[in-house]
1. For a label point 7 Å from the Cα of Ser299 along Cα→C-beta, name the residues of segment 962-980 whose backbone N is under 19 Å from it.
2. Sort out for me the Cα centre separation of segment 349-413 from segment 585-658, rounded to whole Å.
3. With charges only on Cβ, +1 for K and R and -1 for D and E, what is the dipole size of the chain about its Cα centre, in debye, rounded to 20?
4. Over segment 92-192, what is the mean sequence separation of C-alpha contacts under 8 Å (at least six apart), divided by residue count, expressed as relative contact order in percent?
5. Using just the C-alpha positions of the chain as equal point scatterers, what log10 of I(q)/I(0) does the Debye formula give at each q in 0.04, 0.06, 0.08 1/Å?
6. So for the chain, averaging the separation of alpha carbon pairs under 8 Å that are six or more residues apart and normalising by length, what relative contact order in percent results?
7. Treat each spin label as a single point 7 Å out from the Cα along the C-beta direction, and report the Thr858 to Ser164 distance in nm.
8. Work from the charge dipole of the chain (Cβ charges, +1 for Lys and Arg, -1 for Asp and Glu, about the Cα centre) and give the residue of Val125, Thr271, Ser164 farthest towards its positive end.
Amino acid sequence: MMTKKPVAWLALLLSCLMALPPVAMADDTELFTTSANPNVLLMLDTTGSMGIAAGGTPVGDLDGDGSNNSRMDILWKVVYTLLNSDLSIPSATPATITATLDRARRWASSTVDKNISKTRQYQYVQVTNLSGGTWSTLPASGTVQIGSLGTAEPMSYTSRSSGSPYRFYFSSAKSFIYNHSQGSTVSYTTSASYGSPNPTNHTEAMSSAFLNNLTTDDENLLKARLGLMTFTTNPWGTAIQINTRNPVSSTAPNAPPFSPSYQNIWSSVNTYAYASGGTPTAQALRAAQGFFDTAYDSSQACRQNFAVMVTDGEDTMGGLDGATGSGYGPMYYRNGSNYSYTYSAGYTFTSDGWSGSYWDGTPFNNGQVARHNAVIQEAANLASHSPSAKLFTIGVGVSDAQPALATLREVLRRAAEQTNDQADVSTYTTIGASGDNTARGAGRTFFATDAAELAVAMRNAFQQITAGMYSFTAPTVASVRMTDRNYLYKASFTPASPPATFWEGRLEALSINPDNTMTSHWEAGNVLKSTLPADRNIYTADNTWTRLGFTTAAITPEMLGVDNTAARDNVVNYIRGAGHDNNAKLGDIFHSKPIVVGPPSRFYFDEGYSTAVGGTGAVSFVEGSAHRKRVVYVGTNDGMLHAFVSGAYQTSGPNAGQYDTGTGAELFGYIPNYLLTNLEGHLPGEVTRHGYYVDSSPRVSDVWIDNNANGTKESSEWRTVLIGGMRKGGYGYFALDVTDPDAADYPKVLWEYSDPSHVAETWSEPSLGKVKVMSGSPAAARDRWVAIFGGGKSDDGVVGGSLVVLDIATGTPLKIFTTGIDNVIPASPTTVLDGNGYIKFAYVADLDGSLYKFDFRTPGTDNTYSEWTMNKIFQASAGQPVYHRVAAGSTVPAESTRYLFFGTGDQENPVTNTGNGKFYAIKDTDAFWPGAPLTEASLANLSTSITSLGGGTPTQYGWYASFASVPSTANDTNTHSGEKVLSDPVVFYNNVYFTTFTPDTANPCGGGGIARVYGLQMLNAGAGLASIASLGETTTTKVPYHVYTGSEGGIPSSPSLSIYPSGQSSIFVGFSTGSVKEIKIESPPQMKTIKSWKEMF
């Protein structure tokens, strides 16, 4: 608006824009986050009122008009801070070291927060993901920058750690100006010529140093294809000046370096962002359609479009939808013959503006309601236009309680809704008196009175812009299918934009029909919606492993690490499911694969297990549990492990002697004790986002626990035990006795285990089995059931370089292997059993691609277990991380010779890391114990042989395939560049099956990439899958893999093997697009009985 209007709007709008932080997908969430970076148009109001002084902490004279801290100065600062995403400070020889906030320990407390709260004080801040330099480069004491774009602030520290974990210490209680979420940027710039990451005066703002400080590093952090529009008029309001200063073309790069670059955007601010003229808001919104028309690419229709309009005033020009205007601010208030644009006591308000004229005869600019409605109309048109764009409105300096400002806020709210909900003079006037409806435009409209408030508001807006909305599917099938029931359990979830923390999950039970169709029986998320939060059975444990109800009566504030009972109640109620959108209570099932537990296996024979031991009336464990409920167990990121009914045994009726389909009802949820202090972070707040909790797959086995230490395997001492980890959710494991779902103490908490020296994030799913130990007096070999797992993953690559052998009965380690292990082990180990069901070898690979063999054949002596040994038997080539388990397949009836199969690929960065993976087949024997590990040179490269039925000839040590060299086939001309293994392999009937993912950077709308399902002959890598005509595989012979793209592709899960007791068997693979494929595989003419001590859940 022109300066005759005494109101201040634009600076606040611009401040909001400063605070837009990117949503950094620093893990495999990038798999379902759109790779089509959004088009974002910054619409900056540069009218005369932007020259008015703003409140809050002053900024310098950035625009060079001679006054400090005007709204335009704030706009300049906010835009630069937005563009300078890495918070780097210009220097003569720029060297910026960056890290991300990991956690902070409260002052005088043992509680560690993932997010920093401005209401608390802290003892230290811990960071991770160090880049750009070494930790030792930082001064022993000094100041770093911390924040997310516009919320940056200096953080002075008195000392720092000497190495990992990387910590900044404070000698006195440290407070912060802003809240900072986990993942916020922490940076330090060496040899800085300037003292701030944003300019503080006009000379700095116009300097080449600040311009050149904007690089592709910033673009890689923000990941938005930015354009810039300024809108105003000439000084007299007679000519509209709406200019798209930086358009984005349809052929502009999807990834950095962007065109226009962020330097181009800043240059336009330097040249054109100066306060003058009136406010043509509706016309600017109409003009925004042209920006998105130019940027539209029909081949990438999934790309989202956003307009962020920063304005400090109402439309004063009209010119569309029947509205007119002169550019001056309306006279909203009247007292007799006195008129005013701003409120004064005793004046009467009208939302349309009073008619009349200025002293010089110029008419007042009434007709404001028509201009308000034109803005609302054009905002709706922006949504209905093709291509459509979502609008965010930022109101600057319009937060006072004046009636005209309440009306303007209402207009900006309705505009952001984009529903064309117009109003008349009477309605707007009433709103002026009663106030605007704060529920309207929630999450899309922001207001602030100074730069700091706008920074926070805009950060939240940009998080929504950059967050993706995709789903992920991971099915599981019982490893042995009953002849009367064939079930599949499909887990999926829908991500939500920050600041949401809860991602709604689903667990669907389907039966597999003879014609390969599927019938859905229940979906646990929907069943749980009908359960009241107060009626759920949710448990945790105290530090003595006594089970507690997760209720406000049983849980203290201290247990949750919160300050008071009100905070405690908020956490408990939200975790139980209160206050969730759509009444959803089941959180996302991301990396956890559901496990189905039914009756104990009848294929295993052991004392007390298959025989009745324990005196009069005793029955065997198998018979005593033969009709127990079938239960599906799965971990979720709502903070707990869930148990759902998946079948009940029928004792009468037409289906007597069989299990029904179950109901999907929740039996319980269990929250591990060591997660309690993290739960506060699950409450949505100002800067929150999705977190990880019980994100790993539980493992279940029937085990013997000698409770009375008499050495006799009594039937009552056989128990079904579940052990689960956290993956990225935490640093421990927990064990539950889930033997009897109808028992009063179900589930019984056995123990929780953590070891900060050897165990990091618990990615590794334990392998459960029995070994021999020498114990007692006199010493004798006795059975001991153990859980074996890798040390997990840590950012420093130190903690987690271990393999732990844990006593299931007590939760204490028998032995921890560390010597000779090169890197951390997030993968799950695989065990090979001898003829009596004892673990003889365990195999696991680390993040260096090293394959380790652990020998348990000799009984271990209590307290030392030195008889159990380890050797590195293979070293992959550089850059070949292993995140998934090794599969073992025996090649001779005596099972003394086996092939070990595993694939490589970066699970944490599957899209942005474009390196190729490999698949290895290592031949091992019981006697093989090399003095030096094998390498790729020891193996045959059969990459080009996999398309033939005969495959190739391995060496005496095996073979491998490099995906970079895999040839194209007649039905697959897609690239293999960047192909990697993100799944566990499965070995069955002389074939090995696995899946791969290839990011398709040329098609960001193609479901994330290319999915392939491989089936190779285990001895020679020959093609092992029957061709499928519907996939274009016309050959009458076999193929090495099936390829799925587009709506059928995405990210494939690990193959789930479904074995018929007789006849055809299959593997099932789920895809992130939501589809599930059954692939029939070669099967033996007659299935052998299972040779194992336990059922493989």
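Read the figures in this text as sums done on the coordinates, not as results from a lab. Since the structure is predicted, the reported quantities are computational estimates derived from the model, not experimental observations. With ideal geometry, Cβ positions are generated from the backbone for all residues, glycine too; neighbour counts draw on all protein chains shown.
1. 973-977
2. Cα centroid to Cα centroid, the span is 64 Å.
3. Details: 71 positive and 92 negative charges, 166 e Å.
About 800 debye.
4. Values: 236 pairs, mean separation 40.2, N = 101.
For segment 92-192, the relative contact order is 40 percent.
5. With one equal scatterer per Cα and no solvent, log10 I(q)/I(0) is -0.24, -0.53, -0.89.
6. Working: 3083 pairs, mean separation 98.6, N = 1097.
For the chain, the relative contact order is 9 percent.
7. Placing both labels 7 Å beyond Cα along the Cβ direction yields 3.3 nm.
8. The listed residue farthest towards the positive side: Ser164.
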